[in-house]
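The values are calculated or read from the model by the stated rules, or taken from the named source; none is laboratory data. Here the structure is a predicted model, which is why all the values come from computation and not from measurement. Positions of Cβ are backbone-derived with ideal geometry, glycine not excepted, and every protein chain shown enters the neighbour counts. For accessibility, only protein heavy atoms count, side chains too; no ligands or nucleic acids. Shrake-Rupley method; radii C 1.70, N 1.55, O 1.52, S 1.80 Å.
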Amino acid sequence: RMTKQLERTTPESVGIHSGDILHLIDELEKCGTQMHGLMILRHGKVAAEGWWSPFAPGIRHGCQSLTKTYTSTAIGLLYDEGLVRLDERIADIFPEYLPGHVQDRIRRITVRDALCMSCGMYRMPDVSSPDWLKEYFTIEVEKEPGEGFFYNSATSSMLAAIVRQKTGLSLLEYLKPRLFERIGIDADNLRILSMPDGLDNGGGGLFATTEDNARLMQLYLNKGMWDGERVLSEEWVDMASSYQNSTEEDKGIHDCHLGYGFQMWMCRPRGVYRADGAYGQYSIVFPEQDMVISINETAELGIWPQKVLDIIWDEFMPRV
(Lines give C-alpha, C1' and ligand atoms only; values in the text may rest on other atoms or scores of the structure.)
Protein backbone atom coordinates (compact mmCIF):
# COMPACT_ATOMS: atom_id res chain seq x y z
CA ARG A 1 0.00 0.00 0.00
CA MET A 2 1.37 3.38 -1.02
CA THR A 3 1.94 5.83 1.79
CA LYS A 4 -0.14 8.94 1.25
CA GLN A 5 2.12 11.97 1.35
CA LEU A 6 1.56 14.64 3.95
CA GLU A 7 0.84 17.97 2.32
CA ARG A 8 3.88 20.25 2.18
CA THR A 9 3.42 23.97 2.52
CA THR A 10 5.34 27.14 3.33
CA PRO A 11 5.76 28.11 6.98
CA GLU A 12 4.11 31.48 6.33
CA SER A 13 0.96 29.83 4.95
CA VAL A 14 0.37 28.24 8.38
CA GLY A 15 1.35 31.27 10.43
CA ILE A 16 5.03 30.55 11.14
CA HIS A 17 7.82 32.88 10.03
CA SER A 18 10.59 31.10 8.13
CA GLY A 19 13.11 33.17 10.06
CA ASP A 20 11.79 31.74 13.33
CA ILE A 21 12.43 28.19 12.09
CA LEU A 22 15.96 29.17 11.10
CA HIS A 23 16.39 30.74 14.53
CA LEU A 24 15.22 27.48 16.16
CA ILE A 25 17.71 25.44 14.11
CA ASP A 26 20.54 27.85 14.95
CA GLU A 27 19.76 27.63 18.67
CA LEU A 28 19.58 23.84 18.57
CA GLU A 29 22.89 23.57 16.76
CA LYS A 30 24.55 26.05 19.11
CA CYS A 31 23.46 24.16 22.23
CA GLY A 32 25.79 21.28 21.40
CA THR A 33 23.35 18.59 20.35
CA GLN A 34 23.97 16.59 17.17
CA MET A 35 20.84 17.09 15.12
CA HIS A 36 19.69 14.26 12.84
CA GLY A 37 16.19 15.19 11.72
CA LEU A 38 13.50 17.83 12.30
CA MET A 39 9.90 18.13 11.12
CA ILE A 40 7.35 20.78 12.04
CA LEU A 41 3.69 20.10 11.22
CA ARG A 42 1.01 22.73 11.60
CA HIS A 43 -2.67 22.29 10.77
CA GLY A 44 -1.69 18.80 9.59
CA LYS A 45 0.73 20.11 6.96
CA VAL A 46 4.52 19.89 6.88
CA ALA A 47 5.73 23.46 7.29
CA ALA A 48 9.42 22.60 7.68
CA GLU A 49 11.62 19.53 7.47
CA GLY A 50 15.32 18.88 7.31
CA TRP A 51 17.94 16.21 7.96
CA TRP A 52 21.60 16.44 8.80
CA SER A 53 23.90 14.21 6.73
CA PRO A 54 24.23 11.22 6.76
CA PHE A 55 20.59 11.06 7.93
CA ALA A 56 17.74 11.39 5.45
CA PRO A 57 13.92 11.28 5.36
CA GLY A 58 13.38 7.55 4.87
CA ILE A 59 16.17 6.32 7.13
CA ARG A 60 15.08 4.47 10.25
CA HIS A 61 16.31 5.96 13.51
CA GLY A 62 16.41 4.48 16.98
CA CYS A 63 13.32 5.63 18.85
CA GLN A 64 14.63 4.59 22.27
CA SER A 65 11.81 5.17 24.78
CA LEU A 66 9.64 6.95 22.23
CA THR A 67 8.82 3.30 21.42
CA LYS A 68 6.68 3.33 24.56
CA THR A 69 4.09 5.59 22.95
CA TYR A 70 3.67 3.15 20.03
CA THR A 71 3.27 0.35 22.58
CA SER A 72 0.63 2.24 24.56
CA THR A 73 -1.19 3.02 21.30
CA ALA A 74 -1.41 -0.73 20.68
CA ILE A 75 -2.95 -1.12 24.14
CA GLY A 76 -5.37 1.67 23.19
CA LEU A 77 -6.44 -0.24 20.10
CA LEU A 78 -6.88 -3.40 22.19
CA TYR A 79 -8.96 -1.32 24.60
CA ASP A 80 -11.09 0.06 21.77
CA GLU A 81 -11.64 -3.51 20.48
CA GLY A 82 -12.77 -4.63 23.93
CA LEU A 83 -9.84 -7.02 24.27
CA VAL A 84 -8.33 -5.45 27.38
CA ARG A 85 -9.64 -3.44 30.34
CA LEU A 86 -7.71 -0.79 32.24
CA ASP A 87 -8.65 -2.43 35.55
CA GLU A 88 -7.57 -5.86 34.31
CA ARG A 89 -4.87 -7.37 36.49
CA ILE A 90 -1.63 -8.23 34.72
CA ALA A 91 -1.20 -11.39 36.81
CA ASP A 92 -4.51 -12.63 35.39
CA ILE A 93 -3.24 -12.05 31.83
CA PHE A 94 -0.05 -14.07 32.40
CA PRO A 95 -1.02 -16.89 34.80
CA GLU A 96 1.59 -19.24 33.33
CA TYR A 97 4.41 -16.88 34.34
CA LEU A 98 3.45 -16.58 37.99
CA PRO A 99 5.74 -18.12 40.62
CA GLY A 100 4.40 -20.53 43.26
CA HIS A 101 4.03 -17.75 45.78
CA VAL A 102 2.91 -14.34 44.51
CA GLN A 103 2.77 -11.19 46.63
CA ASP A 104 -0.71 -9.77 47.02
CA ARG A 105 0.47 -6.43 45.65
CA ILE A 106 1.85 -8.07 42.47
CA ARG A 107 -1.59 -9.60 41.95
CA ARG A 108 -3.19 -6.16 42.15
CA ILE A 109 -1.12 -4.44 39.43
CA THR A 110 -3.47 -3.42 36.62
CA VAL A 111 -2.99 -2.50 32.97
CA ARG A 112 -3.64 1.11 33.93
CA ASP A 113 -0.89 0.97 36.58
CA ALA A 114 1.54 -0.29 33.95
CA LEU A 115 0.54 2.41 31.45
CA CYS A 116 1.29 5.24 33.87
CA MET A 117 4.32 3.65 35.62
CA SER A 118 2.56 3.26 38.97
CA CYS A 119 3.11 -0.47 39.55
CA GLY A 120 4.57 0.18 43.01
CA MET A 121 7.90 -1.51 42.23
CA TYR A 122 11.20 0.37 42.29
CA ARG A 123 13.46 -1.90 40.30
CA MET A 124 13.25 -3.77 37.02
CA PRO A 125 13.81 -7.46 36.33
CA ASP A 126 17.02 -8.50 34.58
CA VAL A 127 16.02 -7.71 31.01
CA SER A 128 19.05 -9.63 29.70
CA SER A 129 17.45 -12.82 31.04
CA PRO A 130 15.17 -15.00 28.89
CA ASP A 131 13.07 -15.35 32.06
CA TRP A 132 12.56 -11.59 32.52
CA LEU A 133 8.78 -11.96 32.37
CA LYS A 134 8.75 -14.58 35.15
CA GLU A 135 11.19 -12.46 37.18
CA TYR A 136 8.85 -9.49 36.84
CA PHE A 137 6.34 -11.26 39.08
CA THR A 138 8.96 -11.90 41.78
CA ILE A 139 10.08 -8.27 42.30
CA GLU A 140 9.12 -6.70 45.59
CA VAL A 141 6.30 -4.20 45.19
CA GLU A 142 7.12 -1.49 47.72
CA LYS A 143 4.00 0.63 47.32
CA GLU A 144 0.39 -0.20 46.67
CA PRO A 145 -0.16 -0.41 42.88
CA GLY A 146 -1.53 2.88 41.65
CA GLU A 147 0.73 4.80 44.04
CA GLY A 148 4.14 6.27 43.26
CA PHE A 149 6.07 6.54 40.01
CA PHE A 150 8.99 4.47 38.78
CA TYR A 151 10.08 4.71 35.14
CA ASN A 152 10.34 1.07 34.19
CA SER A 153 11.02 0.03 30.58
CA ALA A 154 10.39 -3.63 31.42
CA THR A 155 6.82 -2.64 32.25
CA SER A 156 6.48 -1.19 28.74
CA SER A 157 7.75 -4.48 27.28
CA MET A 158 5.15 -6.15 29.49
CA LEU A 159 2.51 -4.04 27.73
CA ALA A 160 3.84 -5.25 24.37
CA ALA A 161 3.68 -8.81 25.71
CA ILE A 162 0.00 -8.22 26.53
CA VAL A 163 -0.61 -7.56 22.82
CA ARG A 164 0.99 -10.92 21.97
CA GLN A 165 -0.89 -12.71 24.77
CA LYS A 166 -4.27 -11.28 23.74
CA THR A 167 -3.92 -11.57 19.95
CA GLY A 168 -1.08 -13.98 19.13
CA LEU A 169 0.50 -11.18 17.08
CA SER A 170 3.71 -9.25 17.53
CA LEU A 171 3.49 -5.52 18.19
CA LEU A 172 4.24 -4.60 14.57
CA GLU A 173 1.95 -7.30 13.17
CA TYR A 174 -0.91 -6.04 15.31
CA LEU A 175 -0.29 -2.38 14.52
CA LYS A 176 0.22 -2.74 10.76
CA PRO A 177 -3.43 -2.88 9.60
CA ARG A 178 -4.90 -1.03 12.58
CA LEU A 179 -2.49 1.90 12.80
CA PHE A 180 0.40 2.05 10.36
CA GLU A 181 -1.52 1.49 7.12
CA ARG A 182 -4.29 3.82 8.23
CA ILE A 183 -2.06 6.82 9.07
CA GLY A 184 0.47 6.35 6.28
CA ILE A 185 3.42 4.73 8.07
CA ASP A 186 5.37 2.24 5.92
CA ALA A 187 5.28 -0.79 8.22
CA ASP A 188 7.78 -2.67 6.05
CA ASN A 189 10.41 -0.04 6.84
CA LEU A 190 10.04 -0.45 10.63
CA ARG A 191 12.21 -2.71 12.78
CA ILE A 192 11.98 -3.67 16.46
CA LEU A 193 14.46 -5.33 18.79
CA SER A 194 13.50 -8.45 20.72
CA MET A 195 13.80 -9.31 24.37
CA PRO A 196 15.91 -12.43 25.10
CA ASP A 197 12.80 -14.63 24.98
CA GLY A 198 11.77 -13.32 21.55
CA LEU A 199 9.04 -10.98 22.81
CA ASP A 200 9.11 -7.38 21.58
CA ASN A 201 11.17 -4.72 23.31
CA GLY A 202 8.20 -2.44 23.79
CA GLY A 203 10.15 -0.09 26.04
CA GLY A 204 12.80 1.07 23.61
CA GLY A 205 13.38 -1.25 20.66
CA LEU A 206 11.64 0.43 17.73
CA PHE A 207 13.38 1.96 14.70
CA ALA A 208 11.18 4.43 12.79
CA THR A 209 11.57 7.62 10.78
CA THR A 210 11.21 11.21 11.94
CA GLU A 211 8.01 11.39 9.90
CA ASP A 212 6.61 8.16 11.34
CA ASN A 213 6.89 9.68 14.82
CA ALA A 214 5.29 12.89 13.62
CA ARG A 215 2.38 10.97 12.09
CA LEU A 216 1.79 9.03 15.31
CA MET A 217 1.50 12.20 17.36
CA GLN A 218 -0.51 13.99 14.67
CA LEU A 219 -3.07 11.21 15.21
CA TYR A 220 -3.21 12.17 18.90
CA LEU A 221 -3.48 15.85 18.00
CA ASN A 222 -6.38 14.87 15.68
CA LYS A 223 -8.12 13.19 18.66
CA GLY A 224 -7.76 9.79 16.99
CA MET A 225 -9.01 10.79 13.52
CA TRP A 226 -7.11 10.46 10.23
CA ASP A 227 -8.45 11.58 6.83
CA GLY A 228 -11.97 11.60 8.21
CA GLU A 229 -11.77 8.07 9.65
CA ARG A 230 -11.58 7.13 13.31
CA VAL A 231 -8.41 5.17 14.07
CA LEU A 232 -8.25 5.52 17.86
CA SER A 233 -11.11 6.43 20.19
CA GLU A 234 -11.25 9.98 21.49
CA GLU A 235 -11.72 8.49 24.96
CA TRP A 236 -8.34 6.75 24.70
CA VAL A 237 -6.58 9.80 23.25
CA ASP A 238 -7.88 12.00 26.06
CA MET A 239 -6.74 9.57 28.75
CA ALA A 240 -3.36 8.78 27.20
CA SER A 241 -2.38 12.39 26.55
CA SER A 242 -3.45 13.91 29.86
CA TYR A 243 -2.10 13.90 33.40
CA GLN A 244 -2.63 10.46 34.95
CA ASN A 245 0.17 10.18 37.50
CA SER A 246 2.52 12.44 39.46
CA THR A 247 6.18 12.19 38.42
CA GLU A 248 7.62 14.11 41.36
CA GLU A 249 9.63 11.02 42.29
CA ASP A 250 11.41 10.99 38.94
CA LYS A 251 15.12 11.76 39.16
CA GLY A 252 15.18 13.52 35.81
CA ILE A 253 14.85 17.07 34.56
CA HIS A 254 12.15 19.69 35.19
CA ASP A 255 10.13 18.54 32.17
CA CYS A 256 10.01 15.04 33.70
CA HIS A 257 8.43 16.33 36.91
CA LEU A 258 5.18 17.60 35.44
CA GLY A 259 3.16 14.41 35.21
CA TYR A 260 2.72 11.33 33.05
CA GLY A 261 -0.09 10.08 30.86
CA PHE A 262 -0.11 6.64 29.27
CA GLN A 263 3.56 6.30 28.21
CA MET A 264 3.75 10.05 27.47
CA TRP A 265 5.10 13.02 29.42
CA MET A 266 3.39 16.27 30.28
CA CYS A 267 5.38 19.42 29.42
CA ARG A 268 5.95 22.92 30.78
CA PRO A 269 3.75 24.83 28.28
CA ARG A 270 0.08 24.40 29.15
CA GLY A 271 -1.50 21.39 27.47
CA VAL A 272 1.67 20.30 25.67
CA TYR A 273 2.71 16.63 25.87
CA ARG A 274 5.41 14.49 24.29
CA ALA A 275 6.58 11.07 23.27
CA ASP A 276 10.18 10.95 24.49
CA GLY A 277 13.21 8.75 23.90
CA ALA A 278 16.78 8.86 25.19
CA TYR A 279 19.27 11.30 23.66
CA GLY A 280 16.50 13.56 22.45
CA GLN A 281 14.05 11.57 20.31
CA TYR A 282 10.94 13.72 20.59
CA SER A 283 7.54 13.98 19.02
CA ILE A 284 5.82 16.86 20.77
CA VAL A 285 2.14 17.85 20.51
CA PHE A 286 1.07 21.50 20.91
CA PRO A 287 -2.75 21.37 20.94
CA GLU A 288 -3.33 25.14 21.22
CA GLN A 289 -0.97 25.80 18.29
CA ASP A 290 -2.30 22.78 16.31
CA MET A 291 1.33 21.76 15.83
CA VAL A 292 3.63 18.74 16.09
CA ILE A 293 7.42 18.92 16.27
CA SER A 294 9.34 15.71 15.64
CA ILE A 295 13.08 15.57 16.36
CA ASN A 296 15.79 12.93 16.08
CA GLU A 297 19.17 13.79 17.54
CA THR A 298 22.04 12.62 19.70
CA ALA A 299 22.14 14.92 22.68
CA GLU A 300 24.52 14.09 25.50
CA LEU A 301 23.34 14.23 29.09
CA GLY A 302 23.41 17.82 30.23
CA ILE A 303 22.09 18.91 26.84
CA TRP A 304 19.47 16.20 26.65
CA PRO A 305 16.80 16.61 27.38
CA GLN A 306 16.14 19.89 29.20
CA LYS A 307 18.27 22.28 27.15
CA VAL A 308 16.70 21.17 23.87
CA LEU A 309 13.19 21.44 25.28
CA ASP A 310 13.91 24.84 26.80
CA ILE A 311 14.99 26.13 23.38
CA ILE A 312 11.70 24.98 21.90
CA TRP A 313 9.63 26.41 24.76
CA ASP A 314 11.52 29.71 25.19
CA GLU A 315 13.03 30.48 21.79
CA PHE A 316 10.43 29.10 19.39
CA MET A 317 7.06 28.81 21.12
CA PRO A 318 6.63 32.55 21.80
CA ARG A 319 7.02 33.19 18.09
CA VAL A 320 4.34 30.73 16.97
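Points to keep in mind about this one:
- Environment charge at Cys256 (Cβ cut-off 15 Å; Lys +1, Arg +1, Asp -1, Glu -1): -1
- Reducing the range 180-197 and the range 199-222 to their Cα centroids gives an inter-centroid distance of 9 Å.
- Enclosing the Cα atoms of the range 135-220 in their convex hull gives a volume equal to 127 cubic angstrom per residue.
- Whether the range 161-268 is rounded, prolate or oblate, judged on the alpha carbon gyration tensor where a/c under 1.5 counts as rounded: oblate
- Estimated from helical segments only, the mean residue ellipticity of the chain at 222 nm is -7500 deg cm²/dmol, where each DSSP H run of four or more residues counts as -39500 (n - 2.57).
- Its Cα gyration tensor gives the chain an equivalent ellipsoid. The semi-axes, each the square root of 5 times an eigenvalue, are 33, 21, 18 Å from largest down.
- Net charge of neighbours whose Cβ lies under 10 Å from the Cβ of Leu172, counting Lys and Arg as +1 and Asp and Glu as -1: -1
- Each principal axis of the Cα atoms in the range 84-207 has its own extent, and those three values, largest first, are 43, 28, 24 angstrom.
- Relative contact order for the range 160-280, counting Cα pairs under 8 Å that sit 6 or more residues apart, in percent: 14 percent
- Solvent-accessible surface of the chain, taken per residue with a 1.4 Å probe and all protein chains present: 41 Å².
- The spread of Cα positions in the range 56-106, taken along each principal axis and listed from longest to shortest, comes to 51, 25, 18 Å.
- The packing ranking of peptides 32-39, 293-300, highest mean first, is 293-300, 32-39, where packing means the average number of other beta carbon atoms within 10 angstrom of each residue.
- Overall dimensions of the range 1-124 by Cα: Rg and Dmax, Å: 21.7, 64
- Counting lysine pairs in the chain whose alpha carbons fall under 27 angstrom apart, excluding pairs fewer than 8 residues apart on the same chain, gives 24.
- Net +/- balance of residues flanking Leu98 in space, Cβ distance below 10 Å, scoring K and R +1, D and E -1: 0
- Our coupling estimate for the range 226-233, obtained by passing each phi through the Karplus curve with A = 6.51, B = -1.76, C = 1.60 and θ = phi - 60°, is 8, 6, x, 10, 7, 9, 9, 5 Hz, Gly and Pro reported as x.
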